[in-house]
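Presented below is the structure to which this report refers.
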Amino acid sequence: MQNQDSRNTIIFFVCAAAIMVFYMVFVMQPQAERRRAAQAEAAATQSETRAAAGTEAADAPPAAFVTDRRQALGRAARVPIESPTLKGSLSLLGGRIDDLFLVRYRETLDSPNPVEMFRPQGMEHAYFAQFGWTGQNVAGGVPGPNTVWRLTGGSVLTPATPVTLTWDNGAGLRFTRVVALDDQYLFTVTDTVANLGGQPITIAPYGRIERQGVPTGLGRDMISHEGAIGTFSRGGGFFTEQHKYKDWAKKPRIEHDTTGGWLGITDKYWLSAMIPDQSERIEAGFRVRERGEVQVQEASMLGTARVINPGRQITETQRLFAGAKRSEVLSSYEKSLDLPRFIYAIDWGMLWFLTRPIFLVVEFFYGLLGNFGLAILALTVVVKLIMFPLANKAYESMSKMRKLQPMMEEIKKKHAGDTQKQQMETMALYQREKINPLAGCLPILVQLPVFYALYKVLFVTIEMRHAPFFGWIRDLSARDPSNIWNLFGAIPWDPASAPLIGGLLAGMLGLGILPLFYGLTMWLQMAMNPPAPDPVQRQIFQLMPIIFTFIMAPFAAGLLVYWAWNNILSIIQQYFIMHRFGAENPIDNFIARLRKKAA
């Protein structure tokens, strides 16, 4: 029956194409990154200003790095930093914020060590932020990267106790810096410059975040953005620009003249960002430079120059965000500071219009249920309810097709030598029974964007990081830790330690309980669909649950929880529809066999 074969072939290729597109999108994710052509280098006077501003290195990375953090911290006097979210210290050498840990987050589930945010100069992969002033021909100079400030107020930087640093250039300029910290991740740096001399001077504020080399493992994620990030003004609005580490290194200096906005360096979960006064016009830039054997990434901003007359003083306020990219925290700063698109420091991806709402729904259910795994189950129910009418029509068509299988076989036998007649009879049968042979693919196609968006949420939102479910699932954002090769933990052996094939046994071949359960639900759901009459197609469809079990094994446990639960709900819905239409199904057949054996 040619028509029946064609219909199943179309279904197969449509579904296969959809699966391939989906796999390429959310595994490979050739996410288009907006690139802007690099602007010409600034004028010579501006270049001199930036150099004086300290946008050049504080000092070159040493030929040999120290591994003892205490040794690196001992290069200068320090002010301790203590808050409910941060701990570390501020260096009086250059006034750098260069020693910072996020006390609410651990490096791994089993590690007692907090996540490191900033690292001091002298260590490999030093990472820090610095603010200051620049000025040409200023008698006595301005404070630079190697200026030693004096602590003149406070002793420990906490949310309740800011600290005051002072430096006098000995030629009539007095610099006073007050550093404050809130109870989250925001530093406020307020600089006051007093001209006690007899001549007017012209200076401009600057800020710089510097990372000396990208640590191993960063910048390799294909699904999330890591590297340079910033939001800048243009044409009365704002746009967000991103450059992954590997692409950033290939670009010349990237510059923007902007009023307001913010810029910095982001990893998957952590962000350091400079925030100027939102009414001030600044020159913002990203660049990567080779300094010795180290590749230095730098985000910098230079404020508007201003004149300080004798006997007068000016004040400049700049801010630094250094911490975890929690949605509610970024959103609160976006509102309180009138900060454009700060919530997009989280890489919501090209389907942000789905990713953000899905995250908000999951977070809402988490607030009710207290467990992100249960929140994902609740989200699945919501998605199924939204798609219930479409799925109902699809399952009705599939049930009718399954019920009509004997009649279609009769048509094939009756017109065995006349394919045209087979097509005509089959089409007439479809029309009489009001069957759409392609309807079975519609629920899958519609859910692919939702599936990708949920994967993005699980992968990039820190709220999902180390979020437990129940039992052996301690992190919904990581793969199922159980493994069939050690009987799911019953044997005290790590499959990854196997010679030669350890990577495979712990990787795609390392099937856990969740992937196997997902594969079982996929097999049962496909068994309830009308069988393909063509033997080759039938074999391919029978292999698909096995293939997808291995494909899905390395993915986040939360994603498997969603998809397996979605399959269960689909099976229940399809079962009742098949019952209503009197169509044969494997569940009833299984129950009948059990009853027969029991009898």
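Within segment 294-307, is even one residue touching a Ser or Thr at 6+ places or on another chain (Cβ under 7 Å), hydrophobic (A, V, I, L, M, F, W, C) and open to solvent by 20 Å² or more (accessible area, probe 1.4 Å)? Scanning segment 294-307, I find at least one residue that is touching a Ser or Thr at 6+ places or on another chain (Cβ under 7 Å), hydrophobic (A, V, I, L, M, F, W, C) and open to solvent by 20 Å² or more (accessible area, probe 1.4 Å), so the answer is yes.
Here the condition is being charged (D, E, K, R), touching a Leu at 6+ places or on another chain (Cβ under 9 Å), over 30 Å from Gln278 (Cβ atoms) and open to solvent by 70 Å² or more (accessible area, probe 1.4 Å); of Lys393, Lys384, it holds for Lys393 alone.
May I ask you to verify whether Asp347 is touching a Gly at 6+ places or on another chain (Cβ under 9 Å), part of a loop (DSSP other than H, G, I, E, B) and in contact (Cβ under 8 Å) with a residue 40 or more places away in the chain? Considered against the rule, which asks whether it is touching a Gly at 6+ places or on another chain (Cβ under 9 Å), part of a loop (DSSP other than H, G, I, E, B) and in contact (Cβ under 8 Å) with a residue 40 or more places away in the chain, Asp347 comes out as no.
Pick from Ile513, Ile540, Ile546: which is more than 29 Å from Val382 (Cβ to Cβ), in contact with a Phe, Trp or Tyr (Cβ under 9 Å, 6 or more places away or on another chain) and at pLDDT 90 or above?
Just a single option satisfies the conditions, and that option is Ile546.
Among the residues of segment 167-181, those that are assigned to a loop (DSSP other than H, G, I, E, B) and small (Gly, Ala, Ser) comprise Gly170, Ala171, Gly172. All conditions in (1) at pLDDT below 95; (2) more than 18 Å from Leu93 (Cα to Cα) hold for Asn169, with the sole exception of (2). With Leu360, Leu369 as the choices, which residue is open to solvent by 10 Å² or more (accessible area, probe 1.4 Å) and closer than 15 Å to Val460 by Cα? The match here is Leu360. Contact map, segment 445-469: residues that are assigned to a helix (DSSP H, G or I) paired with residues that are surrounded by 20 or more Cβ atoms within 10 Å (Cβ to Cβ) and among the basic types (Lys, Arg), Cβ distance under 6 Å, separation 6+ or inter-chain. Pairs shown: Ile462/Lys325. Scanning segment 563-583 for residues that are loosely packed, with under 13 Cβ neighbours inside 10 Å and either in a loop (DSSP other than H, G, I, E, B) or touching a strand residue (DSSP E or B) at 6+ places or on another chain (Cβ under 7 Å) (or both) yields a single hit, Gly582.
List pairs: first residue in segment 275-301 and on the phi > 0 side of the Ramachandran plot, second residue open to solvent by less than 30 Å² (accessible area, probe 1.4 Å) and modelled with pLDDT under 95 anywhere in the structure, Cβ distance under 8 angstrom, at least six positions apart or on different chains. If the second residue must be open to solvent by less than 30 Å² (accessible area, probe 1.4 Å) and modelled with pLDDT under 95, the pairs left are Gly292/Pro61.
Looking at segment 136-166, which of the residues that are open to solvent by 50 Å² or more (accessible area, probe 1.4 Å) and assigned to a strand (DSSP E or B) is farthest from Gln121 (Cα to Cα)? So the residue we want is Thr152.
Every listed requirement among (1) open to solvent by 10 Å² or more (accessible area, probe 1.4 Å); (2) closer than 16 Å to Gly230 by Cα; (3) part of a loop (DSSP other than H, G, I, E, B) is met by Leu339 save one, (1). Criterion first (farther than 30 Å from Glu328 by Cα and either acidic (Asp, Glu) or touching a strand residue (DSSP E or B) at 6+ places or on another chain (Cβ under 9 Å) (or both)) does Glu363 satisfy it? Judged against the criteria, Glu363 is not a match. Of the residues making up segment 317-336, those that are assigned to a strand (DSSP E or B) and buried (at least 22 other Cβ atoms within 10 Å of the Cβ) are Gln318, Arg319, Leu320, Phe321, Ala322, Gly323. Among the residues of segment 419-436, write down those that are modelled with pLDDT under 70, open to solvent by 30 Å² or more (accessible area, probe 1.4 Å) and in contact with a helix residue (DSSP H, G or I) (Cβ under 6 Å, 6 or more places away or on another chain). Glu433, Asn436 - these are the residues of segment 419-436 that are modelled with pLDDT under 70, open to solvent by 30 Å² or more (accessible area, probe 1.4 Å) and in contact with a helix residue (DSSP H, G or I) (Cβ under 6 Å, 6 or more places away or on another chain). Taking the criterion of being under 23 Å from the mean Cα position of the chain (by Cα) and surrounded by fewer than 17 Cβ atoms within 10 Å (Cβ to Cβ), the residues of segment 102-133 that qualify are Val103, Arg104, Arg106, Glu107, Thr108, Leu109, Asp110, Ser111, Asn113, His125.
Where strands (runs of 3 or more DSSP E) fall wholly inside segment 182-261, no range has 2 or more residues that are of a type in the set (Ser, Thr, Tyr) and touching a Phe, Trp or Tyr at 6+ places or on another chain (Cβ under 8 Å). When segment 550-591 is limited to residues that are of a type in the set (Gly, Ala, Ser) and modelled with pLDDT of 80 or more, the one that is farthest from Ile462 (Cα to Cα) turns out to be Ser570.
The values are calculated or read from the model by the stated rules, or taken from the named source; none is laboratory data. Nothing here was measured: the structure is a model prediction, and the numbers come from that model. Cβ sites come from the backbone with ideal geometry, for glycine too, and all protein chains shown count toward neighbours. Surface accessibility is based on the protein's heavy atoms, side chains included, excluding ligands, DNA and RNA. Shrake-Rupley method; radii C 1.70, N 1.55, O 1.52, S 1.80 Å.
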